[in-house]
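**Student:** Right, I'll just put the structure down here and ask away after.
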Amino acid sequence: MSSARICPEWPQVNKSEYKGIWVYIEHQNGVIKDGSLQLIGKARELAAKINVDVSAVMIGHNLGDLVKEPIYYGADRVIYIDDEALSVYIPHLYASVIVNLVNKYKPEVVLFAATKRGRELAPYVANTLRAGITADCTDLDIDVKTRDLDQVRPTYGGNILAHIRTPNRRPQLASVRPNVFPTPPRDTNRKGEVIRESLDKLPKPNGSLLGVKPVIKGDSDLPPVEKADLVVVAGRGVAGPEGVKLLIELAKALGGTIGGSKKVTDAGWLPADRQIGQTGKTIRPTVYIGVGVSGAIQHIFGMKESKIIVAINSDPNAPIFEYADYGIVGDYRQVVQALLETLSSMRKTN
Ligand SMILES: Cc1cc2nc3c(=O)[nH]c(=O)nc-3n(C[C@H](O)[C@H](O)[C@H](O)COP(=O)(O)OP(=O)(O)OC[C@H]3O[C@@H](n4cnc5c(N)ncnc54)[C@H](O)[C@@H]3O)c2cc1C
C-alpha cells in the first residue's frame, strides 16, 4: 500500500535522505534518566546492523559536562542546544526544537524513553513530523534490507505481541519502556563528537515561547504535595507566575504546600512534580484549596479523597464547586489577599 493512499494530504518522504539512529536524552536536575541511557545501548545494536551512527540529542539549560555522558554510554555523537529559553520543560516548545533538529539532520530512527515526559513529548514530535509513533515498546529490531524498525509491543491486554513497522515514513519514532534493556557500562575513555546547535540557527519554535521565564522557585522550601496536610493548588485562573507566587505566600501562611493543575505545570509556572491529577500526583490532605482550578475530571481524580475541599473560582458554574465542601465565588486576588490579611491580623492578636 502506498503512503499516498494512506494519507494523501501528507507530503511524500524520500526515505534515502534519512540516516542514523537518534536517542532523545531526557535529564532532570543534572541527571540523565536511566531509560535514555538504556536506549543508547539498544541503539548501538541496531546501528551496527545497518552500519550507521548513534546520535544523542539533548536540550536544556546549563548542561555543562552532562553533554559528554551519552558518549560514555555508547553514543558516537551528541547534538545539543543549551539555551535559557529551554530551562523549563514545556512540551510543545521542546517538541518544536526537536522537530527542527530532525528536519536539519534527518535521522531514520528517533527513540524516546517512555517516561512521563517521553510519553508526552514523542507524540508531539511525531505528529508535527507526520511520522507516526509506536508508544511503549518492549523490544526493537531492524530489518537490514528495508531499514524498517521492528517495533514490538504487547497488545490486547498483553496476550499478543504486535510487531509494528513504518515502511513509508521517515523518521521512525518509538518510545520504549524504561528497564526493558540494560544500562550499558559507563566508559569515560570513549570519544565522540559533540555538536552545539543554537536556537538562533534553527527556525523559531512554534508558538515563539522563547521568552518563557523559569519556574517560580519560591516553592523549593515547601514540602512535596503528597506529604502535606494542607495543599493550596493553583489553576490556570491565577493567570501566571505572579499569581502562583501569591498562592505560595498563602500556602506558607497556612503551614501547607503548593500544587498546581496540569495547565499550570505545563506552562512552567510550577515544576511538574507539583502537578495534581490523573497524570500527576494523587493527594489526600486534610485540606485542599483549589484556586482558579476549573475541576476537570482528570484533576479531580488526583484530589477527590481530600477531607475538606475548598474552591475559589470566579465562575459560579465551575465544576469544582460540585466537589467542594466550601466554595468562594470571586476573583482569586481579592479572596486570597483578604485571607492573607485575616491570617496576619490573627497572628498579631495571638
Ligand atoms: C490524558 C489527560 C490527562 C490529564 N491529566 C491532568 C492532571 O493530572 N491534572 C490536571 O490538573 N489536569 C489534567 N489534564 C487536563 C485537564 O483536562 C484540564 O485541562 C486541566 O485540569 C484544567 O486546568 P485548570 O483548571 O487549571 O484550567 P482551566 O480549565 O482553564 O480553568 C481555569 C479556571 O480558573 C477560573 N478563573 C479564571 N480567572 C479567575 C480569577 N481571576 N479568579 C478565580 N478564578 C478564575 C475559571 O473560571 C476556570 O474555572 C489532563 C488531560 C488529559 C486529556
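**Student:** Could you tell me how many degrees, from 0 to 90 and to the nearest 10, lie between the Cα long axis of helix 332-349 and the main elongation axis, the longest principal axis, of the Cα atoms of the chain?
**Tutor:** So the inclination is approximately 50 degrees.
**Student:** Shape of region 1-106 from its Cα gyration tensor (a ≥ b ≥ c, root eigenvalues): rounded if a/c is under 1.5, otherwise prolate when a/b > b/c, or oblate?
**Tutor:** oblate
**Student:** For region 22-27, what does the Karplus curve 6.51 cos²θ - 1.76 cosθ + 1.60, with θ = phi - 60°, yield as ³J(HN,Hα) per residue in whole Hz, taken in order and with x for Gly and Pro?
**Tutor:** With coefficients 6.51, -1.76 and 1.60, one gets 10, 10, 7, 9, 8, 9 Hz.
**Student:** In whole Hz and in residue order, list the ³J(HN,Hα) couplings for region 250-265 that follow from phi through the Karplus curve 6.51 cos²θ - 1.76 cosθ + 1.60, θ = phi - 60°; x for Gly and Pro.
**Tutor:** 5, 4, 5, 5, 8, x, x, 9, 10, x, x, 6, 4, 4, 6, 6
**Student:** Cα axis of helix 116-129 to longest principal axis of the chain: angle in degrees, 0 to 90, nearest 10?
**Tutor:** Result, in degrees: 60.
**Student:** Taking neighbour Cβ counts within 10 Å as the exposure measure, how do Phe321, Phe112 sort from fewest upward?
**Tutor:** Listed from fewest to most nearby Cβ atoms, that is Phe321, Phe112.
**Student:** Then there is this: Please list the non-local residues whose amide H lies under 5 Å from the amide H of Gln172, H modeled 1.01 Å from N, same-chain partners needing a gap of 5 or more.
**Tutor:** It is Val109, Val110, by chain and number.
**Student:** Pairs of alpha-carbon atoms within less than 8 angstrom and 6+ residues apart define the contacts here; what relative contact order does region 1-92 have, in percent?
**Tutor:** Rounded, it is 25 percent for region 1-92.
**Student:** Step through the table entries Lys304/Lys348; Lys19/Lys42; Lys19/Lys68; Lys42/Lys227, compare each Cα-Cα distance with 28 Å, and write down the pairs that go over it.
**Tutor:** Long pairs (Cα-Cα over 28 Å): Lys304/Lys348; Lys42/Lys227.
**Student:** Would you mind working out the magnitude of the charge dipole of the chain relative to its Cα centre, with +1 at each Lys and Arg C-beta and -1 at each Asp and Glu C-beta, to the nearest 20 Debye?
**Tutor:** Dipole size: approximately 460 debye.
**Student:** Evaluate the relative contact order of the chain (contact order divided by residue number), counting alpha-carbon pairs under 8 angstrom at least 6 apart; express in whole percent.
**Tutor:** Relative contact order for the chain comes out at 14 percent.
**Student:** How large is ³J(HN,Hα), in whole Hz, for each residue of region 46-61 in order, when computed from phi with the Karplus curve 6.51 cos²θ - 1.76 cosθ + 1.60 and θ = phi - 60°, using x for Gly and Pro?
**Tutor:** Result, ordered by residue: 5, 5, 5, 5, 10, 6, 10, 8, 10, 10, 9, 10, 10, 9, x, 9 Hz.
**Student:** Taking the beta-carbon count within 10 Å as an exposure proxy, list Arg347, Arg284, Arg170 from fewest neighbours to most.
**Tutor:** Fewest-to-most Cβ neighbours within 10 Å comes out as Arg347, Arg284, Arg170.
**Student:** Tell me which of Pro167, Tyr124, Asn179 sits at the most positive position along the dipole axis of region 3-211, charges placed on C-beta atoms (Lys, Arg +1; Asp, Glu -1).
**Tutor:** Projecting each Cα onto the dipole axis, the largest value belongs to Pro167.
**Student:** Moving on. Please state the charge dipole magnitude for region 74-118, taken about the Cα centre, from unit charges on C-beta atoms (+1 on K and R, -1 on D and E), reported in debye and rounded to the nearest 20.
**Tutor:** Using only the charged Cβ atoms, the result is roughly 180 debye.
**Student:** Would you please give the residues with an amide H less than 5 Å from that of Ile164, counting only those at least 5 places away or on a separate chain, with H modeled from the backbone geometry?
**Tutor:** Gln151, Val152, Arg153
**Student:** Let me ask something else. Which far-off residues, 5 or more places away or on another chain, put their amide H under 5 Å from the one on Gly327, with H placed in the peptide plane?
**Tutor:** So Gly327 has HN proximity to Ala311.
**Student:** Sticking with this one: Taking neighbour Cβ counts within 10 Å as the exposure measure, how do Met303, Met58 sort from fewest upward?
**Tutor:** Ranked by crowding around the Cβ, least crowded first: Met58, Met303.
Taken together, the values in this text are just the output of simple stated rules run on the coordinates, not laboratory data. Predicted model only: the values in this text are computed from it and were never measured. Ideal geometry is used to build each Cβ from the backbone, glycine not excepted, and the neighbour counts take in all protein chains shown.
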